[in-house]
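Step one of this worksheet: look at the structure below.
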Amino acid sequence: MSAARSEGELWSRARRGDGDSFAVATGRYRRELEVHAYRMLGSAEDAEDIVQETFLRAWRKRETFRGQATLRAWLYGIATNASLDLLERRSRRLLPHLVSAPIDPETLPEPSRDISWVRGEMTWLEPYPDRLLDEVVSGEDPPDEAIVARETVELAFLVAIQQLPPRQRAVLILRDVIGWSARETAAMLEMSVVASNSALQRAREMLRDYPPERRDEWHREHRPDPREQEVLMRYMDAWKRTDLNALAALLKEDAQLTMPPTPGWFFGRDAILRFYARYPFRVGASEHLHTPTRANRQPAHAVWRRVQPDAPPKPFGIEVLRIEDGLIAEIHYFLQPELIGRFAIAPPA
């Protein structure tokens, strides 16, 4: 039996109220819909909630879907509109280097509480575990859909598209990432083809110069690079040995360090080294334990902190690196212990 026929029969039963058939028919798209919502929202937690809302709306509207498009396309439409509804109530998610000037490396950044200068409460971009992206790639999706799941999830891309107005962001993702036509996109978003094309043009123009040296890489397939893994291991070793010289050898001159949820960030190799020397390397780097992982198709590691010698280490955060030409260009240190649970990483012994 063909997959299309099987899905059609499942949906026929689902339309009559069979919850199990509905769950099977829609469940195969759960993870890729989550990745789509993550691109829209910049938050893995919000994306997970959007998938639940998508399935709830799909169940309520199940009798209206009769195969005019594919089930996948119909669900993407619901997920996109659910994301747009959420974005009406939420601020965009960025990273600190886009909302403030770098701070003095002699200063210890503090978590933001009231950042009224950024249009109310600021929420930061969150990393997305590669293990969840791999679930899409290893599933039963056609190859072209699997490739989409591997592309355009780097933090640089997410940061860039978060600066677009929500509807332009949706059009750009559907057209340039998912690969939909102007007519399909316009129908989904209930706009004219002319308006859809205009929104895409404005979105592309806004992103044209951000950042120019990386644009060509946003639409190519990313595979783990052994050289990136080597840099990650050397970086973790520099942490373990509190070796500033080893760290200096790994950083680009114009490297950046951000530490959400703190709004402060540091620009330049010298500033980063001065900060590490004054704070983490001086007051307890040996307490930090690292477990390598990957996030947003970039090298990363989970950080644990051993507060007491005989006690199990406590989760501390996720650190994601962007590497260019064998050197670290960006360090995004997400000081959010709860993220480690999403990455499903066991604490080091």
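The values are calculated or read from the model by the stated rules, or taken from the named source; none is laboratory data. As the structure is a computational prediction, the values presented were derived from the model and not from experiment. All Cβ positions, glycine included, derive from the backbone under ideal geometry; neighbour counts span all protein chains shown.
Miscellaneous remarks
- In the range 152-191, residue nearest to R297 (Cα to Cα) [restricted to those that are small (G, A, S) and not in a helix (DSSP H, G or I)]: G179
- Every test in (1) at pLDDT below 95; (2) within 25 Å of the chain's Cα centre (by Cα) is passed by R66 save one, and that test is (2).
- Filtered by the rule that a residue be free of Cβ contacts under 8 Å to residues at least 60 places away in the same chain and surrounded by fewer than 16 Cβ atoms within 10 Å (Cβ to Cβ), the range 70-89 gives T70, D85, R89.
- Selection within the range 195-235: residues that are outside the structural domain of E324 (by TED's automatic domain parsing) and among the hydroxyl-bearing types (S, T, Y). The member of this set that is modelled with the lowest pLDDT is Y210.
- Neighbours by Cβ (under 7 Å, 6+ apart or cross-chain): first from the range 1-27, assigned by TED's automatic domain parsing to the domain that holds A58 and modelled with pLDDT of 90 or more; second assigned to a helix (DSSP H, G or I) and acidic (D, E): R15/E63; A25/E7
- Residue match in the range 59-66 (condition: at positive phi and in a loop (DSSP other than H, G, I, E, B)): no
- Qualifying residue in the range 281-293 (condition: under 23 Å from the mean Cα position of the chain (by Cα), in the same structural domain as M236 (by TED's automatic domain parsing) and surrounded by fewer than 19 Cβ atoms within 10 Å (Cβ to Cβ)): yes
- Condition met for A101 (among the hydrophobic types (A, V, I, L, M, F, W, C), surrounded by 14 or more Cβ atoms within 10 Å (Cβ to Cβ) and either at negative phi or at pLDDT below 80 (or both)): no
- Restricting the range 322-349 to residues that are closer than 18 Å to D130 by Cβ and small (G, A, S), the residue that is surrounded by the most Cβ atoms within 10 Å (Cβ to Cβ): A344
- If only residues of the range 104-160 that are over 30 Å from G179 (Cβ atoms) and of a type in the set (K, R) are counted, the one that is modelled with the lowest pLDDT is R119.
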